[in-house]
Amino acid sequence: MPSRELEYPKQPYSTVKRLNDRARYSLETIHAIINSSPFINVAFQDSTSPFPAVLPMIGQMGSFSRPSADLGDVLDLYLHGYVSSRLMNLARTSPSGEEGEEEGIPLTLTATLLDGYVLSLTPNSHSYNYRSAVLFGYATPVVDPAEKLWAMELVTNSVVPQRYQNTRTPPNNAEMQSTSILRVKIKAGSAKIRSGEPHDDRADMNDEELRQKAWVGVVPAWLQFGEPVAGGYNRVDKVPRYLDEWRVEGNEERRREAYEAVKEVVKPKKGDAPTMRQLASHRRTIRLSPLTLRRPACLPAPSSSSINSRIPIQARNNSSTSEPRISHQYDDTNPNHHYWWAACSPSLTSLLRHSHHSYTPTQQSVHLSWFRNNVIPNLGPRPSSSYRLRSPLNYEGSPYRPTWNFCSAPAGSSSSSPKVKGTLRFSFEPIPATGTSQQDPTNQERYRTLFPLLAGECHGHGKGETNAKADLTWYDEVKEHMYLTASEQTVLRSKLACVPGQLPLPPEHAAIAIGCLGDKRVLKPYFFAGPKSLVTGYEMRPGKEEPEVKVYLPLMHFFDTEEAVVEALEEVWTGFGWGAELGKGGYGEAMREAFPHVDFNKAPGTHTWVSFSYSDHTGPYMTVYLAPRFQEAYDLGVRGGR
């Protein structure tokens, strides 16, 4: 997302004239409306007809060259159609643009979302609550097979999320030949949004007899999906979970938006972030795959078996939290940010998707976007010939570590529900953009500044506090004892200077962990106080008088290969009764998607630790600690970046 809100330039043909207080030119607002519409009306001129042609088509905004771009970035519109249709033939035969002219066939594209019928005292005052968008651009056929396949997946998943990977893919040669994709380069656009209650003339509103006669108000309206009806040759016993969740949650989301539209929306001042109402439904926002990012050269492209880990990327301002107050924001033009997003997103995507129905597609999307915008800018430099990763969080220096937590499903769950509940937690080390600071060798000042800001973005974990923000009481108390004083910093710097090759961040440094619970994020501080924590750790929870004991086992010391670790863990989970979800290769599939650059037939190192604890409430509780091995990948791979 750009650091400031982008707008389309106002052209004579794109500027809203009537009721221009309803006009919007924000890229994010316009793109969200386009991506939320079931179809797009495409208007073009055919020289063989005296009338302009208008066709309803399926399309989606996206960027093949910059797949990590979100709705607020400059995007192209991809349209899907039959190879010999009139529009596709015109685009194919359209001459290349002459000097000073644009290349491609000119198109006008519109989309409208209906939110309600507005009923007033007089016929002339009736209206709709709606969101509409108009785009103007030039279309050319997509000829690159990779881009065409990417666009086909993008468009397919815009209809039903995850549908592409739950069908026979990739398309065969005949299907590729019979389908055309148009890429529309957008030149200008505008949106028009109406919300609120009826608006009548003052004279009519003062007419008591008329007001007693005519009912006024809003009838909310939204697109409703019914119960899926199986086809005659369907052999799947039940409606797939991804399809049912999309239908149910989408219906609820559109219903909520329709009722929200009854409320009046004040046009934001220039530079203000758009509100939830000013954006379209996030159920159909841009659907991009972290695994289709241009991966740094030291991280090989994922295998075909990892194609299923694709999850939509949520628009930044469509999250469940307030606008982040973190000083550094994600910037795709920053090579460090781009590297870390391409490197970290596969593991987050896979673990969220495989967490045994703990997260809806929307929640997965929200967590991915939050990580990108709030964590990525704080991971420091990427590995290079002049900089090695230097965080003590992982043995190989990577400042990011995902962990996967498992416990038995709550008592009373239905027989069709999974027996194990999986949740994602990720930890990271806030590294300066320069990699280190001689004045702050433990990095504690950066941590001290960043942690409270993140607390404002996260939630409390106490019972009945689902909307409460993180409580910093214990953190403020502990940090006073754990952080080094100025004199201690001086002593530490002198000692580090005498130890060749010593990491600039010692083991006592703190790390930040974020637990993803539903659509909430719970913030946890970690203080590494010495080697004893590597054997047995103690965890204090709110409301607990005594600490809970956890036992940690160093997996990488007990097994010869990553594959052996996976098999052993699957065997343990089968003994817990979790085999249906985590056994029989299910866990291994998730791990290969999460770490596509790791050879699982070689020595372990991705699985570092596993912790065990037990409580009467959850029964066995296990956490797997995972090392991304980015430094190792760089050392063994091609030294490249973006």
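Is at least one residue of segment 167-178 assigned by TED's automatic domain parsing to the domain that holds residue 115, within 28 Å of the chain's Cα centre (by Cα) and either among the basic types (Lys, Arg) or under 28 Å from residue 26 (Cα atoms) (or both)? Yes, the conditions are met somewhere in segment 167-178.
Take the residues in segment 601-642 that are β-branched (Val, Ile, Thr) and at pLDDT 90 or above, then tell me which one is surrounded by the fewest Cβ atoms within 10 Å (Cβ to Cβ).
Looking only at segment 601-642, we keep the residues that are β-branched (Val, Ile, Thr), and these are 606, 608, 610, 618, 623-624, 638.
This time we only want the ones that are at pLDDT 90 or above, so: 606, 608, 610, 623-624.
Details: 606: 25, 608: 22, 610: 21, 623: 18, 624: 22.
So, considering only residues that are β-branched (Val, Ile, Thr) and at pLDDT 90 or above, the one surrounded by the fewest Cβ atoms within 10 Å (Cβ to Cβ) is 623.
Set side by side, the residues 336, 308 differ, and just one is within 27 Å of residue 452 (Cα to Cα) and either at pLDDT 85 or above or touching an Asp or Glu at 6+ places or on another chain (Cβ under 8 Å) (or both), which is 336.
With respect to residue 365, is the statement that it is in contact with a Pro (Cβ under 7 Å, 6 or more places away or on another chain), small (Gly, Ala, Ser) and within 30 Å of residue 557 (Cα to Cα) true? Taking the combined requirement at face value, the residue does not satisfy it. Quick check on this structure: which one of 369, 391 is closer than 26 Å to residue 70 by Cβ and crowded, with 23+ Cβ neighbours inside 10 Å? Within the list 369, 391, the selection yields 369.
All of (1) within 23 Å of residue 604 (Cβ to Cβ); (2) modelled with pLDDT of 85 or more; (3) in contact with a Gly (Cβ under 8 Å, 6 or more places away or on another chain) hold for residue 397 with one exception: (3).
Here's a check for you: in segment 228-248, which residue that is assigned to a helix (DSSP H, G or I) and not aromatic (Phe, Trp, Tyr) is nearest to the chain's Cα centre (by Cα)?
245
Scan segment 575-617 residue by residue and report those that are acidic (Asp, Glu), in a loop (DSSP other than H, G, I, E, B) and closer than 14 Å to residue 565 by Cα.
Looking only at segment 575-617, we keep the residues that are acidic (Asp, Glu), and these are 581, 589, 593, 599, 616.
Add one more test, that the residue is in a loop (DSSP other than H, G, I, E, B), and what stays is 599, 616.
Of everything in segment 575-617, just one residue is acidic (Asp, Glu), in a loop (DSSP other than H, G, I, E, B) and closer than 14 Å to residue 565 by Cα, namely 599.
Taking strands (runs of 3 or more DSSP E) as the structural unit, those lying wholly within segment 1-98 and holding at least 2 residues that are surrounded by fewer than 17 Cβ atoms within 10 Å (Cβ to Cβ) and outside the structural domain of residue 376 (by TED's automatic domain parsing) correspond to 40-44, 53-62. Every condition in (1) touching an Asp or Glu at 6+ places or on another chain (Cβ under 9 Å); (2) at pLDDT 85 or above is met by residue 348 except one, and the failing one is (1).
For segment 220-270, name all the residues that are modelled with pLDDT under 85 and surrounded by 16 or more Cβ atoms within 10 Å (Cβ to Cβ). Matches in segment 220-270: 265 only.
So which of 562, 593, 581 ends up being in contact (Cβ under 8 Å) with a residue 60 or more places away in the chain, surrounded by 16 or more Cβ atoms within 10 Å (Cβ to Cβ), touching a Ser or Thr at 6+ places or on another chain (Cβ under 8 Å) and in the same structural domain as residue 347 (by TED's automatic domain parsing)? I'd like the intermediate steps shown before the answer.
Values: 562 fails: in contact (Cβ under 8 Å) with a residue 60 or more places away in the chain; 581 fails: touching a Ser or Thr at 6+ places or on another chain (Cβ under 8 Å).
Step by step, each of 562, 593, 581 is checked, and only 593 is in contact (Cβ under 8 Å) with a residue 60 or more places away in the chain, surrounded by 16 or more Cβ atoms within 10 Å (Cβ to Cβ), touching a Ser or Thr at 6+ places or on another chain (Cβ under 8 Å) and in the same structural domain as residue 347 (by TED's automatic domain parsing).
Taking segment 249-264 as the range and being out of contact with any Asp or Glu (no Cβ under 6 Å at 6 or more places or on another chain) and not in a helix (DSSP H, G or I) as the test, the residues that pass are 262, 263, 264. Looking only at residues in segment 558-574 that are in a helix (DSSP H, G or I) and among the acidic types (Asp, Glu), the one that is nearest to residue 356 (Cα to Cα) is 570.
The values are calculated or read from the model by the stated rules, or taken from the named source; none is laboratory data. Keep in mind the model is a prediction, meaning the values are calculated, not measured. Here Cβ is always computed from backbone atoms with ideal geometry, including for glycine, and neighbour counts include all displayed protein chains.
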